[in-house]
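Below: one structure, written as C-alpha cells.
The values are calculated or read from the model by the stated rules, or taken from the named source; none is laboratory data. All values derive from a computational prediction rather than experimental measurement. So basically every Cβ, Gly included, is an ideal-geometry build from the backbone, and we count neighbours across all protein chains shown.
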Amino acid sequence: MHNPFVECAAGPSDEELLAGAHAGRREALEEIVTRHRPWIFNLALRMLGRRADAEDAAQDILIRMLRSLDAFRGECRFRTWLYRIAVNHILNLKKANRAAADAVCSFADAARGLGQVPDFDPPDPRTVPVPVEILIEEAGTGCLIGTLLCLDGRQRLVFVLGEVFGVSDEVGAEIAEVTPANFRQILSRARRDLYEYLRGNCSLVDPAATCKCARKTRAYIQGGFVDPQKLAFTVDYRRRVRDVAGSRAGELADAYMRIAADVYRNHPFYEPAEQAAILRRELDSVRLEAPR
C-alpha cells in the first residue's frame, strides 16, 4: 500500500501524477484520490472519534482538493499542501457543543468517568449476533480512540502523525505548520499525558490496571457506546496500522510507552466507505489548466 509519508514510496510521485492529470489523464487524478483517501480517512477518524464524522470529513477534504488543484503552484510538496487542507478542515469543524480542535474533557475527568462504568461479566454469547471476542475488541478500540479526544486538537494531530503513523519530525512539522523542534515538543507532551492516563487505567498497557475491556463491554452495550448490530471499529478490515505505517517505537526509552504505542498501532487501518459516485462526479467536473 502506498504510504504518502515516506520519502521512497514505490510508484510515481504525487507531482508526476498531477502532471499527468494536467495533461488530461483522468486515471492519474483518480490515482491521487485513491492513494490518499484511506490515510485522510484514518487521520480524520482518530481526530474526530466517530466513523460517520470521519467519512464526511474525508469526502469533503477530497472534494476541496479536487476543486483547488489549479491553486497548487508547487511551492511545497503536494503531500504537504493536501494534508494541510485536511488538517485545517478537521480542526475547524464544529460539533454540537465543541470544536474539533478542543479536548472533549481532561484526562482526570476521563479517569473518573471510566471508574463509574460498572464491571460486568462479558455478554452471553447466545444473546449477541457476533462473537463476544469481537465485541470486546470493539469496546477496547472505541475506548482508545475516544481517549485521544482528551488531547487538544494540535496534540492529537501530532500524536496521530508522529506516533500512530510514524511520520518523521520533518514531514510532521510541515503538515502541522510548526518547526521540527516544536513538533517533537508537542509529541513529547502528548505522549506523557496520554501514557500516564493509560498506565493508570488501561489493562492493555498495564495488566494491573483496573479497566479491563472484557469487564466493561456489557456496560458499553447497555450505554449505547457499543452496538452489536452495527459495529464501528471491528467491521471488516484488511490491514493493521503497523502493517502500512512507519514506526518510531525505537525512539521511546520507557517500556510502557512502547507498549502503549503498540496498542494504537495494532488498531485496524480502516477502509473508507464506498462513496465513489460523489467523488466521480467531482472528478468529471475537474478541468485542470496546463501549468504555466
Are any residues in region 1-46 within 15 Å of Tyr83 (Cα to Cα), of a type in the set (A, V, I, L, M, F, W, C) and assigned to a helix (DSSP H, G or I), and if so, which ones? Ile32, Val33, Trp39, Ile40, Phe41, Leu43, Ala44, Leu45
Examine region 163-184 for a residue that is touching a strand residue (DSSP E or B) at 6+ places or on another chain (Cβ under 8 Å) and modelled with pLDDT of 95 or more, and state whether such a residue exists. no
Of the criteria (1) under 21 Å from the mean Cα position of the chain (by Cα); (2) in contact (Cβ under 8 Å) with a residue 24 or more places away in the chain, which one Pro129 fails: (1)
Output the residues belonging to region 185-225 that are out of contact with any Cys (no Cβ under 7 Å at 6 or more places or on another chain), assigned to a helix (DSSP H, G or I) and within 24 Å of Pro123 (Cβ to Cβ). Cys213, Ala214, Arg215, Lys216, Thr217, Arg218, Ala219, Tyr220, Ile221, Gln222
Would you confirm whether any residue within region 138-150 is out of contact with any Gly (no Cβ under 9 Å at 6 or more places or on another chain), farther than 30 Å from Gly115 by Cβ and in contact (Cβ under 8 Å) with a residue 60 or more places away in the chain? no
Kindly establish whether Arg67 is at pLDDT below 95, surrounded by fewer than 15 Cβ atoms within 10 Å (Cβ to Cβ) and touching an Asp or Glu at 6+ places or on another chain (Cβ under 9 Å). yes
If you go through region 106-118 one residue at a time, do you hit one that is crowded, with 20+ Cβ neighbours inside 10 Å and at negative phi? no
Return yes when Phe225 is farther than 19 Å from Val160 by Cα and within 21 Å of the chain's Cα centre (by Cα) and no when it is not. yes
Being in contact with a helix residue (DSSP H, G or I) (Cβ under 8 Å, 6 or more places away or on another chain), in a helix (DSSP H, G or I) and at pLDDT below 70 is the filter here; which residues of region 246-292 pass it? Ala249, Ile278, Leu279, Leu283
Which residue out of Ala44, Ala58, Ala52 is surrounded by fewer than 18 Cβ atoms within 10 Å (Cβ to Cβ) and either within 30 Å of Thr234 (Cβ to Cβ) or in contact with a strand residue (DSSP E or B) (Cβ under 7 Å, 6 or more places away or on another chain) (or both)? Ala52
Inside region 219-245, can you point out the residues that are crowded, with 17+ Cβ neighbours inside 10 Å and within 17 Å of Leu144 (Cα to Cα)? Tyr220, Ile221, Phe225, Val226, Leu231, Ala232, Phe233, Thr234, Val241, Arg242
In contact with a Lys or Arg (Cβ under 8 Å, 6 or more places away or on another chain) and within 26 Å of Val241 (Cβ to Cβ), is that true of Ala139? yes
Of all residues in region 163-183 being surrounded by fewer than 17 Cβ atoms within 10 Å (Cβ to Cβ) and of a type in the set (D, E, K, R), which is farthest from Ala110 (Cα to Cα)? Glu170
Within region 4-17, restricting to residues that are in contact with a helix residue (DSSP H, G or I) (Cβ under 6 Å, 6 or more places away or on another chain) and either over 16 Å from Asp70 (Cβ atoms) or of a type in the set (A, V, I, L, M) (or both), the one that is surrounded by the fewest Cβ atoms within 10 Å (Cβ to Cβ) is Phe5
Residue, farthest from Arg50 (Cα to Cα), within region 77-108, restricted to residues that are free of Cβ contacts under 8 Å to residues at least 24 places away in the same chain and not in a loop (DSSP other than H, G, I, E, B): Trp81
Just a yes or no: is a residue in region 168-175 among the β-branched types (Val, Ile, Thr), in contact (Cβ under 8 Å) with a residue 60 or more places away in the chain and closer than 30 Å to Lys94 by Cβ? yes
